[in-house]
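*Asks:* Below you will find the structure I want to go over with you.
The values are calculated or read from the model by the stated rules, or taken from the named source; none is laboratory data. In this text the structure is predicted, and so the values were computed from the model without any measurement. Positions of Cβ are backbone-derived with ideal geometry, glycine not excepted, and every protein chain shown enters the neighbour counts.
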Amino acid sequence: MLQLEKILFIAVLALYFAAMILYFIYIASKKETVAKIAIVLQIAGLALHTVAIVCRGIGAGRLPLTNQYEFATAFAWGLCLVSMIFLLRFRFPVLGAFSAPIVFLIIGYAALQNKQVNELMPALQSNWLGFHVSTAIIAYGSFGVAFVLSILFLLRDRAQEGSFWDRHVPDKEKLDLISYRSVTLGLLFLTFCIITGAIWAERAWGSYWSWDQKEVWSLVTWLVYAAYLHLRIRRGWRGKAAAIFAVIGFACVIFTYIGVNTFLPSVHSYR
């Protein structure tokens, strides 16, 4: 099963790359047929990606969510899934042109990690593993989509009336609304992630909170997005300020995942 997973991973990498290139061609050529092919390839990549993760889990005899490689590929899967849901729901192929490169970069990062299957350390031998990490994946994927939508929002003013961008990118109000929904979904799952992580930590180490670097930066990320929602609901923040907040929030997400594991000592740095 692990050998099959390796083959599928290469196929997924190729499909995501092909979809990304076709999205770029769609932007350049403005041909809807190209966008449809890109979407089909991305859906095919997502399907094979799902099978690859399942194969990894069966081959490893555990949930494949315990090291840098496994979480990175799951992160890419979550971002691809959420972006496809929003893309198909709002009929918004340009979203793919911005989200596909991020998906490819994350799975490319996974390709550079150690793929060896190791026995779980005692702290990870818990039923809370699936709940904790899966909620983090959905949260990160949702925040990634909000980031892409916020970038599009900030670029929307440059679109000339009647141009391709004006016709194929939703207006700023709709972009703002979709980004808000994505942030709300992400914050909900990040809350579940922190709660399940605290319960798991108490079972594993005897303390709900130990101020580990990953815990601190997860809290920072949660506070940034919570501030986003608070200012939007209570103060009526919309538009550019909200978009900038979402970009800052995703920077915190990336640092929480990659930065902490790379630069800071943490009990969560499972390589």
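*Asks:* Could you list, in sequence order, the residues of segment 147-196 that are in contact with a Phe, Trp or Tyr (Cβ under 6 Å, 6 or more places away or on another chain), small (G, A, S) and modelled with pLDDT of 90 or more?
*Replies:* G186
*Asks:* Here's another thing I want to ask about it. Find the residue count for segment 196-225, including only residues that are farther than 23 Å from F245 by Cβ and of a type outside the set (S, T, N, Q).
*Replies:* So the answer is 14.
*Asks:* If you don't mind, another one. Residues to consider are I27, I43; find the one that is within 20 Å of the chain's Cα centre (by Cα) and among the β-branched types (V, I, T). Spell out the reasoning first.
*Replies:* Numbers: I27 fails: within 20 Å of the chain's Cα centre (by Cα).
None of the others qualify; the one that does is I43.
*Asks:* Moving on to the next point. Would you please name the residue that is nearest to A136 (Cα to Cα), looking only at residues in segment 216-238 that are of a type outside the set (A, V, I, L, M), touching a residue at least 24 places away in the same chain (Cβ under 8 Å) and part of a helix (DSSP H, G or I)?
*Replies:* Per the criteria, the residue is S218.
*Asks:* What number of residues in segment 158-175 are in contact with a helix residue (DSSP H, G or I) (Cβ under 6 Å, 6 or more places away or on another chain) and part of a helix (DSSP H, G or I)?
*Replies:* Here is the first cut: in segment 158-175, the residues in contact with a helix residue (DSSP H, G or I) (Cβ under 6 Å, 6 or more places away or on another chain) are 159, 168-169, 172, 175.
Going one step further and asking which of them are part of a helix (DSSP H, G or I), we end up with 168, 172, 175.
Total satisfying the criteria: 3.
*Asks:* Here are some residues: K36, K30, K6. Which one is touching a Phe, Trp or Tyr at 6+ places or on another chain (Cβ under 7 Å) and surrounded by fewer than 18 Cβ atoms within 10 Å (Cβ to Cβ)?
*Replies:* Result: K30 is the single residue among K36, K30, K6 that is touching a Phe, Trp or Tyr at 6+ places or on another chain (Cβ under 7 Å) and surrounded by fewer than 18 Cβ atoms within 10 Å (Cβ to Cβ).
*Asks:* Looking for whichever is within 24 Å of N127 (Cβ to Cβ), free of Cβ contacts under 8 Å to residues at least 60 places away in the same chain and part of a helix (DSSP H, G or I) here; the options are A241, A198. Which one fits? Break it down stepwise before answering.
*Replies:* Working: A241 fails: within 24 Å of N127 (Cβ to Cβ).
None of the others qualify; the one that does is A198.
*Asks:* Condition (residue is in contact (Cβ under 8 Å) with a residue 12 or more places away in the chain, surrounded by fewer than 20 Cβ atoms within 10 Å (Cβ to Cβ), assigned to a helix (DSSP H, G or I) and within 17 Å of the chain's Cα centre (by Cα)) applied to segment 51-71: is it met by at least one residue?
*Replies:* no
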